Amino acid sequence: ATPTALMVGTGRGAQLGILLKGPEVLETTRAVDTVVLDKTGTVTTGVMTLTGVHLADGVTRAQALRLAGALEHSSEHPIARALATAAQEAEPTGTLPAPEGFTNVPGLGVRGSVEGHSVLVGRERLLNDRGQQLPPALAAAKDAAERAGHTAVVVGWDGAARAVLVVSDAVKPTSAEAVRRLRALGLTPVLLTGDNRAVAESVAAEVGIDEVIAEVLPEDKVAVVERLQAEGRSVAMVGDGVNDAAALARADLGLAMGTGTDAAIEAGDLTLVRGDLRAAADAIRLARATLGTIR
Ligand code: ADP
Ligand code: MG
């Protein structure tokens, strides 16, 4: 393409809410055949709310929320925001105790000490790894919530798993249409998430994605991109989180949600300014039109 065509394409992109790192990005955009979509914050709004509380015998709702919320107050994860907010609302004073020794366990959850209790909040695996098993009634509640497409967060303290808190995140109203448009351009969408398989399958079904890669630790998202590339696919990755930055950089084309973290925006080749996934399809159409190739 001529420099003029690339400049025109870049300008048209800006009108569509697509910011390119440089005009040459249009070349890789054109060649992509697979689009890997991060789930939380990319396909879904990423704004979670507490929608269910399940407790072991002898545990109160106030106690479970207080211990989990106090710890999550120190985390920036969307799940943490939901739990800290709900816990603050349940406190008569509106304030939560300060945790000690707060530690983020990437892709699994958080741990720390609250009012002398050693507390774990996160995926079941976080607790299982430390010898804590869910009682059968809580395991059943967790399974039911996940089958319904919600995220179940397990809370344990003083050596036992004692509560399951259910948080829900809504699919963005534009995501299903975005997936339809990507498919119409001949691209294969893939959903990638650290969340559990049942939640991922439920979101994938809602937006029309067949290929789901779930329960992936943050540091393994890059390996997923590399594996798809090794299969001979030309991979675009769309993401918003700190978690997604390495995969965005490794992908043939990294698309960052403009509503996401600075780390993702810096790692991407282009930014979807409005955080609307439909702009990913616009970017590909624009690249093909600018470079004069119909595939
Ligand atoms: P995603 O890839 O969907 O953006 P993450 O990799 O950030 O998800 O996290 C994967 C999973 O780890 C979450 O779905 C959740 O179950 C658990 N998790 C991570 N951080 C937290 C936290 N602060 N509190 C509770 N659970 C967490
Ligand atoms: Mg995300």
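Note on residue 103 and residue 12: the model spin-label points, each 7 Å out from Cα along the C-beta direction, lie 5.3 nm apart.
In the chain, the longest principal axis of the Cα atoms and the axis of helix 175-184 are about 30 degrees apart.
When each of the peptides 158-166, 181-189 is scored by the mean number of other C-beta atoms lying within 10 Å of its residues, the order from highest to lowest reads 158-166, 181-189. Between residue 183 and residue 197, the modelled labels are 2.3 nm apart [label points 7 Å from Cα along Cα→Cβ].
The Cα atoms of region 47-169 give a gyration tensor whose axes a ≥ b ≥ c have a/c under 1.5, which makes the shape rounded. Taking a ≥ b ≥ c as the square roots of the eigenvalues of the Cα gyration tensor, the chain is prolate, since a/c reaches 1.5 or more and a/b is larger than b/c. Judged by the mean number of other Cβ atoms found within 10 Å, the most tightly packed of the peptides 30-39, 229-238 leads the ranking 30-39, 229-238.
Extension gain, residue 33 to residue 115, is 24.3 nm, computed as 0.36 nm per intervening residue step minus the present C-alpha separation. For the chain, take the longest principal axis of its alpha carbons; what is the angle in degrees between that and the long axis of helix 3-15, to the nearest 10 within 0 to 90? The helix 3-15 is inclined about 40 degrees to the chain. For residue 221, the lysines whose Cα comes closer than 24 Å to its Cα, not counting residues fewer than 8 places off in the same chain, are 21, 39, 172.
Rounded to the nearest 10 degrees, the angle from helix 78-90 to the longest Cα principal axis of the chain is 40 degrees. Think of the chain as having a plus end and a minus end, set by charges on the Cβ of Lys, Arg, Asp and Glu; of 208, 228, 194, 208 sits farthest toward the positive end of this dipole.
Label-to-label distance, residue 227 versus residue 62, with points set 7 angstrom from Cα along the beta-carbon direction: 4.7 nm. Cβ crowding within 10 Å ranks 240, 143 as 143, 240, fewest other Cβ atoms first. Taking a ≥ b ≥ c as the square roots of the eigenvalues of the alpha-carbon gyration tensor, region 233-285 is classed oblate because a/c is 1.5 or more while a/b is no larger than b/c. The residues 54, 150, 117, when put in order of fewest to most other Cβ atoms within 10 Å, stand as 117, 150, 54.
Once the Cα-Cα distance is subtracted from the 0.36 nm per residue extended length, the residue 266 to residue 24 segment shows a gain of 85.4 nm. What fraction of the DSSP beta bridges in the chain is antiparallel, stated in percent and rounded to the nearest 5? Rounded to the nearest five, the antiparallel share is 65 percent. Estimated from the Cβ-Cβ distance and a Förster radius of 45 angstrom, the FRET efficiency linking residue 158 and residue 206 is about 0.70. Each peptide among 212-222, 91-101 gets the average number of other Cβ atoms lying within 10 Å of its residues, and from highest to lowest they stand as 212-222, 91-101.
We did not get these values from a lab; they are worked out from the coordinates using the rules stated. Since this is a predicted model, take the numbers as computed values, not measurements. Reconstructed Cβ throughout: ideal geometry from the backbone, glycine too, with neighbour counts over all protein chains shown.
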